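The values are calculated or read from the model by the stated rules, or taken from the named source; none is laboratory data. These numbers were taken from a predicted model, which means no experiment stands behind them. Cβ placement follows ideal geometry from the backbone for every residue including glycine, while neighbour counts extend to all protein chains displayed.
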Amino acid sequence: MQNLMAGKRGLIMGVANQKSIAYGIAENLKKAGAEFALSYAGETLKKRVDPIATELGCPLVFECDVTSDEAIEAAVKEVEKEFGKIDFIVHAIAFADKSGLGGKYYNATRAGFAQAMDISCYSFTAICEKFAPIMNENGSIITLSYLGAERVVPNYNLMGVVKAALEASVKYLACDMGDRGIRVNSISAGPIKTLAASGIGEFRKVLNYNEANAPLKRNVDQDEVGRTAVALLSDLTTGITGENIHVDAGFHVMAMSKDLAVTAE
């Protein structure tokens, strides 16, 4: 993938630490020759993101509260000042209060639902709209989803509903931005031990079940998701938009456990 992204510039939003999926994407984009800025949410994450920015040689690192249109507009100005126009955006932002990630889904509060939808779904729409004027034609934008958007995953609850809305948004945004050749896609990554995943109850069981039942008999890692992201952001995939690409060792195709014995009578 060396030089696959040479000359391309963009923005990665949501790198939390070196175990995050966004870091795997950033690392692979760097290897492919891309130049990019990093944004983070809140001072708590700044101390984690600054060393990553130094490691990857990012010329611009800034805070962006994606619940604020004014903050996103300010981010557009910062990125435009640094790069002029950009070629890609990676949206790796999601949040739901822990109360919405366990027990019954219907116990999610109205306030918690609105917050999760705003941060995890609407922010993607807002970012596409605000950044569109400074994106080059034939650019590419991606976001991150999970199988819980398509099927019930215990303890994923509220986030599954929000990710379903996000995947629907990808389709509509692909239509909206297609007249400029800008592609919009999502990656549905398999379970990976990240900071975000730590908030999901019994996540170790999810990892074990995925590994035991995926066609490839294993889980995926940040690097595999990162390489897929580079492909979607590069000119290798100029004919792909509005898609949700599964990077989960094939787990999404399984309807039953591989170990389930079926005997014909």
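Annotation note: of 167, 150, the sole residue that is touching a strand residue (DSSP E or B) at 6+ places or on another chain (Cβ under 7 Å) and more than 30 Å from residue 6 (Cβ to Cβ) is 167. Among residues of region 1-43 being over 19 Å from residue 79 (Cα atoms) and of a type in the set (Asp, Glu), the one that is surrounded by the fewest Cβ atoms within 10 Å (Cβ to Cβ) is 43.
Criterion first (surrounded by fewer than 18 Cβ atoms within 10 Å (Cβ to Cβ), at pLDDT 95 or above and in contact with a Gly (Cβ under 7 Å, 6 or more places away or on another chain)) does residue 163 satisfy it?
Taking the combined requirement at face value, the residue does not satisfy it.
Evaluating residue 122 against the criteria (1) under 30 Å from residue 2 (Cβ atoms); (2) part of a helix (DSSP H, G or I); (3) not aliphatic (A, V, I, L, M) leaves one unmet condition, (1). Taking region 60-77 as the range and being surrounded by fewer than 16 Cβ atoms within 10 Å (Cβ to Cβ), in a helix (DSSP H, G or I) and in contact (Cβ under 8 Å) with a residue 24 or more places away in the chain as the test, the residues that pass are 69, 73.
Looking at 163, 193, 171, which is the one that is in a loop (DSSP other than H, G, I, E, B) and either of a type in the set (D, E, K, R) or at positive phi (or both)? Working first, answer last.
On the way: 163 fails: in a loop (DSSP other than H, G, I, E, B); 171 fails: in a loop (DSSP other than H, G, I, E, B).
Checking each option against the conditions leaves just 193.
Scanning region 42-59 for any residue that is assigned to a strand (DSSP E or B), more than 20 Å from residue 186 (Cα to Cα) and not polar (S, T, N, Q) turns up nothing.
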